[in-house]
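Novice: There's a structure below that I have some questions on.
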Amino acid sequence: MKPIPRPYTPADEPALTRMVEAAFADQHQDPEIAELIAALHRDPSAAPHVSLVVEDDGVLAGHVLFTPAHLVPDTLSPTSAQPPALAILAPLAVHPDHQRRGLARALIEHGLNRLRAAGVQLVFVLGDPAFYSRFGFTPAMPRRLRPPYNLPEAWHDAWMLQPLTDTPSDHPAGVIRCADSLMPERYWLD
């Protein structure tokens, strides 16, 4: 039986920090990512968020965090259409000892279902296209929905989105802005 993600609670923070440090140790970002997660949990501009953990063999083995985002259109629209409800997936971590067990899939799918139920229309991620395409994410650049910073051309396919509604929307071109804690350039270009 596959583990089922549950909402993060503050009591999870010590185990979450250890898990994230192990998950990102080979990228030399371990303390920085753990600090980012803690900052996003406290950041009022990151609310409401969806923060899920999953346990495997009795230990906290994975975490995903989705926070709100908004579109800054390139031009002012003459219509008074409601802006789309957006979210960004960042970060996702699974302990190396628990990878390839479907935990990332469970975290992402549960998170997307919660966002869908909350009325979120599009979810963005900056990550490995080969990995995130398995969960329905596609490149966002062709839709002219750009990340907060200009990415190197080689990374354009890594800026991805997933619509959560069955009815396609024609959103204006623009830049996606996210929670204040996630806006520093180092999270986008390192």
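Novice: Within the stretch 165-190, track down each residue that is modelled with pLDDT under 85 and either under 13 Å from Phe124 (Cα atoms) or open to solvent by 30 Å² or more (accessible area, probe 1.4 Å) (or both).
Specialist: Of everything in the stretch 165-190, those that are modelled with pLDDT under 85 and either under 13 Å from Phe124 (Cα atoms) or open to solvent by 30 Å² or more (accessible area, probe 1.4 Å) (or both) turn out to be Asp166, Thr167, Pro168, Ser169, Asp170, His171, Pro172, Leu189, Asp190.
Novice: Considering only the stretch 14-31, how many residues are among the acidic types (Asp, Glu) and surrounded by 15 or more Cβ atoms within 10 Å (Cβ to Cβ)?
Specialist: Here the count works out to 2.
Novice: Moving to a separate point now. Could you tell me which numbered condition Asp166 fails, if it satisfies all but one of (1) touching a helix residue (DSSP H, G or I) at 6+ places or on another chain (Cβ under 7 Å); (2) part of a loop (DSSP other than H, G, I, E, B)?
Specialist: (1)
Novice: I would also like to ask the following. Which residues, taken from the stretch 118-152, are at pLDDT below 90 and among the acidic types (Asp, Glu)?
Specialist: Of everything in the stretch 118-152, nothing turns out to be at pLDDT below 90 and among the acidic types (Asp, Glu).
Novice: Could you please find all residues in the stretch 142-155 being under 14 Å from Ile88 (Cβ atoms) and open to solvent by 50 Å² or more (accessible area, probe 1.4 Å)?
Specialist: Passing the criteria: Arg146, Tyr149.
Novice: For Pro139, only one of the following conditions fails: (1) in contact (Cβ under 8 Å) with a residue 60 or more places away in the chain; (2) open to solvent by 20 Å² or more (accessible area, probe 1.4 Å); (3) touching a Phe, Trp or Tyr at 6+ places or on another chain (Cβ under 9 Å). What is its number?
Specialist: The one condition Pro139 does not meet is (1).
The values are calculated or read from the model by the stated rules, or taken from the named source; none is laboratory data. Remember, predicted model here, so these are calculated numbers, not experimental data. Neighbour counts are summed over all protein chains in view; Cβ atoms, including those assigned to glycine, are modelled from backbone coordinates with ideal geometry. We work out accessible area using only protein heavy atoms, side chains counted, and drop any ligands, DNA or RNA first. Shrake-Rupley method; radii C 1.70, N 1.55, O 1.52, S 1.80 Å.
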